[in-house]
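K.L.:
Just passing along the structure, written as structure tokens.
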Amino acid sequence: MSKYILRRILIAFPLILGVTTVVFVMLRVALPGDPAKVLAGPRATPELIEQIRHNLGLDRPVFEQYLIFLRNFVQGDLGRSVKFREPVVGVIAKAFPFTATLTFLCVAIGTSLGLVIGVVTAVYQRTWIDNFGIVVAVLFYSIPTFWLGLMLILIFSVGLRILPVQGVGTWKHFVLPVATLGVGQSALIARLTRSSMIEVLSTDYVRTARAKGLAQRHVLIRHALQNTLIPIITVVGLSVGGLLGGAVITESIFHLPGVGSLAIDAISNRDYPMIQGAVILVAASFVFVNLLVDIIYAFVDPRIRYE
Amino acid sequence: MFKSRFAVFALLLVALMALGGAVMAQDMMEGKGGRLVVADANSNTSLDPFVSSWHSWPHYAIYPTLFARAEDMSYIGFLADTWEVSEDSKALTINLIDFATFTDGSPIDAEAIKWNLDRYANPDTGASQGRDLIGLLEEVKINGDYSFTMRLASPYAPLFFVLSGLEIVSPTAYEALGPDDFGTSPVGGGPFIFKELVTDNYVLFERNPDFTWAPEELYDHPGPVFLDELQILFIGEEQTVLAALETGEVSLAGIPTQNLADAQANPDIDVHIAQLSQIRYVGFNTSKDPWTDPDLRRAFAYATNREEFVTLAWEDLAQPLYQPLPPTIWGHNPELDAVAPSFDPDKASELLDSLGYVDVDGDGLREDPDGNAWSVPLATASPDEWRRQAEVLEAQWRDVGIPLEIQLLEFSALIDLTTTGEHDLFLLLYGYQDPSILTYFFDPERKGGSNRAWFSTDELTSLLNAADTQLDPDLRYEAVTAVSEYIIEASPWVYLAVPPALTGVRAELENWRIHPDLSFLYWNAYFETG
């Protein structure tokens, strides 16, 4: 197992480097726009634009820029933001805890709620509880995030005045963003859990467990639910990876200082170093979470062994 | 003996006056304070004025300037106490107030100002702000601790305008921190001191207790400011801003046009409506065929119904525009509206017919002079506001048979496109407060930069030069009128509208007002703190 983990970590480095290289080249070759022109402002002279390009090192050949980037990258330096002139590593390090907190809360609460709804609707299959659960899950999954976020603000912040509209600082600031993202997450997990549970509940070993006279709770949790966890863990892993890269819309609506809003701002300002930093974070998040998911598989299903 | 008694008496008197002043100031500030929270996404830039191209709330909170503008739009001293322009208009001597200090304790003296001006004027700095000084400022000569003379290569009419926008930083702090770190720990000598920055989210300032040099023409109380803190939130989401204004989390913000009625109906929000010093226009790339032909460009101007445009795109809150300068910029001459092309679809059709753009296949849309399908690409920004404006133009121009093809781009891609010279039409804006803005857009040296229409002629260059070097206000007004007249005739742009500025302010905020240039005068504003 430890050899497997080590091998996966070693594979992660060229993977992240590959992603970063593609982004580095795409930004400079394929994406229209120039950070120097954005920074120079609307009244710039061609000379000023050139001076800023020179100051930022953008007048050097792309290959030379890439070599400089690589040299700094291996030293843990991702450069300075074109727009803010701050070290990218520092800016992302300050933004990441907000995104990580939002991700953790959203996945933990959304998944727990989804599991409960999924199990209950599977157990009460083809009853009004099941029908109601399916309708709610489909509804929650279909609601666009931006619309839900604004509706929650209108109801709980503007209407009832019990939760803040934006910002961070207290636990209250996380309630609406987590609810906005968690609703979709819980609906997804509920649908997945229900279908897996229905399949597992009709298997022979569950019937045998019931025939042995085991309690319903014991049958559901130890025999049925445990065997439905593999696909759920996969989906949760993908959700975590995606959210760690930034829940862009939610962060914008609730004005959270996370990685998502940082990345969007960087893209619109053609802030190359910041975009690269965000991409590296997203790639690393996915690699790390996938590794974690693979390890959890082995714990959940003892038949899975990594050589 | 008498002399020493007199000296003691004088000293006592001065001490009592100082004590009295301090007590009065303390009394004035009693029960006043609070945190002013402003939502402004545009303020989300570096706090280093040598880096940022957009200067807004944060910069004016921490940095003073040499001059400011009074409410009659004349120039008044801020750090400058008295000043004198030489007879040849090529030298400006400024005597500074002698009691202003940066918040690191160093004096705001002639040396400090020289350091700042030299840095702005150095092309290697790459400063967007103050670039007018490059090649213009020949020397800053220090005459004394608080007096200096700026020597210019030529007279420059917008000089006071430029100097009223140049923020003065502490050279001591800048040199100690270096350009890499000054933006995150800025030091100025303005009404507020930098306290905290969460990059891309907000910046927080606290009152500068030593600040007592607010221009008296603008503020009854010269300082310190009454507010305890100022926070600028960089929120881009309009509906979040509005919700935060309604709940009181934000005290001041712009209001989206579509939400004006809601905001006005809210008793907790005071709404201020004005016209921006800004215009929306369509530009042609006059270096590329067929847009080299002024008659073709003029046909588009005749095909544009500005009254309908402001109704459909701005819900009647904007003002129709027929010339390059809006009424909110000095130099606008209302008489020029009469000579500018206004909506006349028959004239537009006549011009297009004469140029060979006729409807050959009878589908209601014109073909090009060779009889091939004609398509007019118009590039603009992707946000809804811009798309709506482009769609109104598309409908209006279709009525005279012009087939428009709208291209929605991100702002940075749009700016990039217009500097390549390969574009066709573009829908954009400019905002400024001095007629010298026209030089930025029609200077031959700025093709590939801010001259996005790629339009210049020798005659126009000489007219612009005359306007920028004429210091007499009446003569300058005539020179600016001549520039506007020439541009109207040549039609490199179709002028569309002057957009509105809708500002919402929480009713709890006391003693504020809005300057005619739309800056928010809040240094004497406060919340009652009981």
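The values are calculated or read from the model by the stated rules, or taken from the named source; none is laboratory data. Fair warning: this is a prediction, and the values are worked out from it, not measured in the lab. Cβ coordinates were reconstructed from backbone atoms using ideal geometry, including for glycine residues, and neighbour counts include every protein chain displayed. Protein only, heavy atoms only, side chains kept; ligands, DNA and RNA dropped before computing areas. Shrake-Rupley method; radii C 1.70, N 1.55, O 1.52, S 1.80 Å.
K.L.:
Relative contact order (percent) for chain B, with alpha-carbon contacts under 8 angstrom and 6 or more residues of separation?
P.N.:
Working: 1050 pairs, mean separation 97.8, N = 530.
Result for chain B is 18 percent.
K.L.:
Quick one: with all protein chains in place, what share of the accessible area of chain B is carbon or sulfur, to the nearest percent (1.4 Å probe)? Numbers along the way, then the final one.
P.N.:
Values: 10750 of 21220 Å².
C and S fraction of accessible area: 51 percent.
K.L.:
Other chains' Cβ within 10 Å of A:157-169 residues: what's the mean? Numbers along the way, then the final one.
P.N.:
On the way: counts 6, 6, 2, 0, 3, 0, 1, 4, 13, 13, 10, 3, 0.
The mean count of partner-chain Cβ atoms within 10 Å per residue comes to 5.
K.L.:
Moving on to the next point. Dipole magnitude of the stretch B:362-468 about its Cα centre, charges +1 at Lys/Arg Cβ and -1 at Asp/Glu Cβ only, in debye to the nearest 20? Walk me through the numbers on the way to the answer.
P.N.:
Numbers: 7 positive and 20 negative charges, 37 e Å.
Dipole about the Cα centre, nearest 20: 180 debye.
K.L.:
Between residue B:206 and residue B:71, what length comes free when the chain is fully extended (0.36 nm per residue of separation minus the Cα-Cα distance, one decimal in nm)? Can you show the working numbers first?
P.N.:
Details: separation 135, 0.36 × 135 = 48.60 nm, distance 2.64 nm.
That works out to 46.0 nm of additional length.
K.L.:
Amide H of residue B:202 versus every other amide H placed in the peptide plane: which residues, excluding those fewer than 5 positions away on the same chain, fall under 5 Å?
P.N.:
Residues meeting the amide H criterion: B:234.
K.L.:
For the stretch A:136-151, which residues drop by 30 square angstrom or more in accessible area between the chain on its own and all protein chains together (1.4 Å probe)?
P.N.:
A:150
K.L.:
Still on this model: If you average the sequence gap of Cα pairs under 8 Å that are 6 or more apart and divide by the length of the stretch A:1-131, what percent do you get for the contact order?
P.N.:
On the way: 48 pairs, mean separation 13.9, N = 131.
Reported as a whole number, the value is 11 percent.
K.L.:
If amide H atoms are built 1.01 Å from N in the plane of the peptide, which residues on other chains or at least 5 residues away come under 5 Å of the amide H of residue B:325?
P.N.:
Distant-sequence amide H within range of residue B:325: zero hits.
K.L.:
Identify, among B:495, B:466, B:453, the residue whose Cα sits farthest towards the positive end of the charge dipole of the stretch B:398-527, taking +1 on the Cβ of Lys and Arg and -1 on the Cβ of Asp and Glu, with the dipole about the Cα centre.
P.N.:
B:495
K.L.:
Please tell me the relative contact order of the stretch A:169-231 in percent, rounded to the nearest whole number, where contacts are Cα pairs under 8 Å and at least six residues apart. Walk me through the numbers on the way to the answer.
P.N.:
Values: 20 pairs, mean separation 20.6, N = 63.
The value is 33 percent.
K.L.:
Then there's this: Identify the residues of the stretch B:408-442 with backbone N under 18 Å of a label point that sits 7 angstrom from the Cα of residue B:387 along the Cα-to-Cβ direction, or state none.
P.N.:
B:408-414, B:427-428
K.L.:
Want the number for residue B:471 to residue B:521: 0.36 nm per residue separation, take away the alpha-carbon distance, what's left?
P.N.:
Details: separation 50, 0.36 × 50 = 18.00 nm, distance 2.83 nm.
Computed gain between residue B:471 and residue B:521 is 15.2 nm.
K.L.:
Here is a further query. Tell me the carbon and sulfur percent of the accessible area for the stretch A:5-46, rounded to whole percent, probe radius 1.4 Å.
P.N.:
Numbers: 1750 of 2120 Å².
The value for the stretch A:5-46 is 83 percent carbon and sulfur by accessible area.
K.L.:
Can you tell me the accessible area per residue over chain B, all protein chains present, probe 1.4 angstrom, in square angstrom?
P.N.:
Working: 21220 Å² over 530 residues.
Computed with neighbouring chains in place, this is 40 Å² per residue.
K.L.:
I'd like the residues of the stretch A:80-102 whose 1.4 Å-probe accessible area shrinks by no less than 40 Å² going from the isolated chain to the full set of protein chains.
P.N.:
A:80, A:83, A:84, A:85, A:86
K.L.:
Note the angle between two axes, namely the Cα long axis of helix A:128-142 and the longest principal axis of the Cα atoms of chain A, as a number of degrees from 0 to 90, rounded to the nearest 10.
P.N.:
10
K.L.:
Follow-up question, since we're still on this one. Taking the solvent-accessible surface of protein heavy atoms with a 1.4 Å probe, what is the per residue accessible area of the stretch A:132-199 in Å²? Working shown, then result.
P.N.:
Numbers: 3320 Å² over 68 residues.
Result: 49 Å² of accessible area for each residue.
K.L.:
Moving on to the next point. Under 12 Å from the 7 Å Cα→Cβ point of residue B:311, by amide nitrogen: which residues of the stretch B:469-497?
P.N.:
Those under the cut-off are none; the list is empty.
K.L.:
Based on DSSP H assignment, which helices of chain B show an axial Cα extent of at least 30 Å together with a mean Kyte-Doolittle hydropathy greater than or equal to 0.5? Don't jump to the answer; show the numbers that get you there.
P.N.:
Numbers: long enough: B:2-29 (40 Å, 1.48).
Span-like helices in chain B: B:2-29.
K.L.:
Need one number: nm distance between label points at residue B:87 and residue A:145, each 7 Å from Cα along Cα→Cβ, rounded to one decimal.
P.N.:
Label-label distance for residue B:87 and residue A:145, simple model: 7.1 nm.
K.L.:
How high is the FRET efficiency from residue B:118 to residue B:293, r the C-beta distance, R0 41 Å, rounded to 0.05? Please list the in-between numbers first.
P.N.:
Details: r = 46 Å, r/R0 = 1.13.
Approximately 0.30, to the nearest 0.05.
K.L.:
Place a +1 charge on the Cβ of each Lys and Arg in the protein assembly as shown and a -1 charge on the Cβ of each Asp and Glu, then give the dipole magnitude about the Cα centre in debye, rounded to the nearest 20. It would help to have the intermediate numbers written out before the result.
P.N.:
Details: 55 positive and 100 negative charges, 1136 e Å.
My answer is approximately 5460 debye.
K.L.:
Let me ask something else. Buried accessible area for the B:A pair, summed, 1.4 Å probe, in Å² rounded to 100? List each step's numbers first, then the result.
P.N.:
Numbers: alone 23150 and 17030 Å², together 36370 Å².
Using a 1.4 Å probe, the pair buries roughly 3800 Å².
K.L.:
Hey, got the average number of other protein chain Cβ atoms within 10 angstrom for residues in B:232-239?
P.N.:
Numbers: counts 0, 3, 4, 8, 7, 12, 0, 7.
Average per residue, whole number: 5.
K.L.:
What angle do you read, to the nearest 10 degrees and between 0 and 90, between the alpha-carbon axis of helix A:259-268 and the longest principal axis of chain A?
P.N.:
Between the helix axis and the principal axis of chain A, the angle is about 40 degrees.
K.L.:
Each label point is 7 Å from the Cα along the Cα-to-Cβ direction; what then is the distance between the points at residue A:67 and residue A:295, in nm?
P.N.:
3.9
K.L.:
Along Cα→Cβ, 7 Å out, is where each label goes; now give me the distance between the ones at residue A:134 and residue A:202 in nm to one decimal.
P.N.:
Distance between the two pseudo-spin positions: 1.3 nm.
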